1. I need the full set of residues from the stretch 36-51 which are in a loop (DSSP other than H, G, I, E, B) and surrounded by 10 or more Cβ atoms within 10 Å (Cβ to Cβ), in order please.
2. Assuming residue 54 fulfils every condition listed in (1) out of contact with any helix residue (DSSP H, G or I) (no Cβ under 8 Å at 6 or more places or on another chain); (2) modelled with pLDDT of 85 or more; (3) not in a loop (DSSP other than H, G, I, E, B) apart from one, which condition is it?
3. Pairs needed: first member in the stretch 26-54, on the phi > 0 side of the Ramachandran plot; second member anywhere, assigned to a helix (DSSP H, G or I); C-beta distance under 7 Å; at least 6 residues apart or different chains.
4. Could you tell me which numbered condition residue 10 fails, if it satisfies all but one of (1) surrounded by 10 or more Cβ atoms within 10 Å (Cβ to Cβ); (2) at positive phi?
């Protein structure tokens, strides 16, 4: 698997100017989980593990 360096690939996303400006991003697929509690808790671990099979579809 090739490592993706987001900072090099999307330089304009990571270079902040000294004045606020409106930026537009390309469409970027991502996965997220939501919940409450400690990251070391079993609920968090279960949800993160559930992301892996779904994430592999989008490689």
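1. Residue satisfying the conditions is 41 alone.
2. All conditions are met except number (2).
3. 35/43; 35/44; 35/47; 37/43; 37/44
4. Here residue 10 clears every test but (2).
The values are calculated or read from the model by the stated rules, or taken from the named source; none is laboratory data. The structure displayed is predicted, hence computed values, not measured ones. Glycine also receives a Cβ, built like all others from the backbone with ideal geometry; neighbour counts cover every protein chain displayed.
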